[in-house]
1. Could you give the size of the charge dipole of the chain about its Cα centre, using +1 on the Cβ of each K and R and -1 on the Cβ of each D and E, expressed in debye and rounded to the nearest 20?
2. Would you mind getting me the FRET efficiency between Glu587 and Ile97? Use the beta-carbon distance for r and R0 = 51 Å, nearest 0.05.
3. Taking H placed 1.01 Å from N in the peptide plane, check which residues at least 5 places from Ile278 or on another chain put their amide H under 5 Å from its amide H.
4. A 20 angstrom limit on the alpha carbon distance is what I want to check against. Which of Lys247/Lys514; Lys198/Lys247; Lys216/Lys247; Lys5/Lys126 exceed it?
5. How would Glu114, Glu186 line up from fewest to most surrounding beta-carbon atoms within 10 angstrom?
6. If you wrap segment 548-670's Cα atoms in a convex hull and average its projection over all directions, what's the area in nm²?
7. Over 10 Å intervals from 0, what percent of Cα-Cα pairs in segment 1-50 sits in each interval?
8. State the extension gain, in nm to one decimal, for the chain segment bounded by Ser557 and Gln175, taking 0.36 nm per residue of separation less the distance between their alpha-carbons.
Amino acid sequence: MAENKLKVLAIDDKPDNLTVLKAVVGDAFPGAAVFTTTDGRQGLELALARDPDVILLDIVMPQMDGYEVCQRLKADARLKLIPVVFLTATKNKESRIKALEAGGDGFLTKPLEEAELTAQIRAMAKIKAANTAQFMKMERLEVLVSERTRALEQELEERKAAQAEREKLMTAIDQAGEIILITDAEGNIEYANPAFEKVTGYSRAEVLGKTPRVLKSGKQDAAFYGSLWGDISSGKTWERRMVNKRKDGTFYTEVSTISPVLDAAGRIVNYVAVKRDITEQLRLENQFLQSQKMEAVGVLAGGVAHDFNNILTAIKAYAGFIRNDLPPEAPMRADAGEILTAADRAGTLTRQLLAFSRRQILAPRVVDMNKIVGDMTKMLSRVIGEDIKIGTELEPAPCLALVDPGQLEQVVLNLAVNARDAMPKGGKLTLQTAILAGDAGLSAAHPDLPRGPLVCLKVRDTGTGMTGEVKARIFEPFYTTKEQGKGTGLGLSTVFGIVKQSGGEVTVSSEPAKGATFSIYLPLAENTVQDIRANKDGQAAAKTGSETVLLVEDDESLRRLGARILKSSGYTVLAAASGAEALTVLEDHGKPVDLLVTDVVMPGMTGRDLALEIARRKQAGRTLYMSGYTDDAIVKHGVLEPGIAFIYKPFTVEALALKLREVLDGPADQAKA
């Protein structure tokens, strides 16, 4: 570039500095154009309008400093070609580093030496010229590439052009993630790319000269293939989904696009097939749909269980009243006992529904899965019978998991019973534990699991196994393959709910006549000491008292029942049907009560909101929550908050009486609002 055509932009908030810079540049480069401004924003506008060869930029300026101006210059596709030389009176190293990080090309310290300044300007002008030439060259190249690409797009007009482009495209085709097959007009394979080898298991040499029928799965009928050949042989592009078979006999699903290639005369000379393996995509989609379906059913199940538990609480309590008021020899006493037994069975059913819907309350602690399995082996032998052998393969190291031990035992029991039913003629049940590193493959297969080490429990049987259709529905509630009356269909759905609520995953692998393996994955827990509170002497607590209790329950029958139980146990009872009514009752009472007993889920003010307000007013010393299912008011992901006292519906008269004494006699910080 001729120096008399040089264009320099100087940006400095000190006009005197700009005057000096303009004079120095004018003396060193006669005929050069020098543009100046004291404002960073105006400097950006001048750079766009004048396209200078170099920008001299002060750092410390009001409103927009030099670092920000430089960053904005370098963010623009064309302005980034202009070299930027920072000018500053600051001599510290941090300023230089920050200037370079902002995109600066040079750095000069004030007061400026004219020789060094003019040398920098001359060098930067050359860099700008080189940058501009390269930029223009790249623009021309991009235009050429764009035009060439458009000229080659979906079909080739002449055989000669098709053959030439085929050579150019071979490298890209070889590296493509999709399967690419090229056949002759009769359908004989002439080319298969590496993706074909990876997906199908066949080498290129094994299929050259053969037809794609080597992949035929039998999943599509003759009419399907007739439609395919009818379309492509008439010159149409065919696009459909199909199931093919790999070399090892396994099936995979692909989306295929098959197009005819025509010569100059319009005759078909080749077919090109581009295929994408969507097997894993379909698996994930099905898994997502299944998860959505299970979640919807779970919400319904939880709601049903909530209402049902309220009813069961009344049934169990009033049946207990009847039984306890009758002499031992009275026939109706046995009838009342049958009612209580039936209510217990119904309660078990609702607990299974809540487990599936992940709305039960868990009391997790760190346990060794090896110990749980080992302690249950003897009991499982009695449950599954003598004709089934039980074996264990336990990890030598402790398999620690943060779970509710009772719920984990329920999981193992349900899986063992399920295995027993799958081995009517006997067999072997194996319980295996392991610690897994939690690698990328496992994380990809189970994205809901937290990252990091895992513990795994496998329950493996040698039973009848399952078809794919059965496996797809195995965890659905009320789904069972057993005959009428042999099962509720809630055993495995309970397993699913417990494991998911515990932060884990459960999977099943099985084939007909090859048994089944259920795998449970849970995060590996740290070996921490758990604080397990227990009655010191192990004796049952007293059932009566004389304290004053505020009972809040929106269900009228349960409110009457609760008041009756409390009064019969010696307590003074204040009752309310809502949070607002409870606050009024307390105001009228005029002094604090010893205990608040409140339902959790109520319209308007929830039990938790009520308890917090009463605690704020210092009108109750302790709180006992009760509910037929969990919500987020007193739990986090189904785990009871520390220091919360809770009784689960349905409860018996005795259970409520004992819980009241436990709360009233225990520490106040274990029955907080």
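1. Approximately 1060 debye in magnitude.
2. Taking R0 as 51 Å, the efficiency between Glu587 and Ile97 is 0.15.
3. Thr253, Glu254, Val255
4. Lys247/Lys514
5. Glu186, Glu114
6. Over every viewing direction, the Cα hull of segment 548-670 projects on average to 6.9 nm².
7. 28, 51, 21
8. Length gained between Ser557 and Gln175: 130.3 nm.
Read-outs throughout are calculated quantities, based only on the coordinates presented, and are distinct from any laboratory measurement. Here the structure is a predicted model, which is why all the values come from computation and not from measurement. Backbone-built Cβ (ideal geometry, glycine too); neighbour counts: all protein chains shown.
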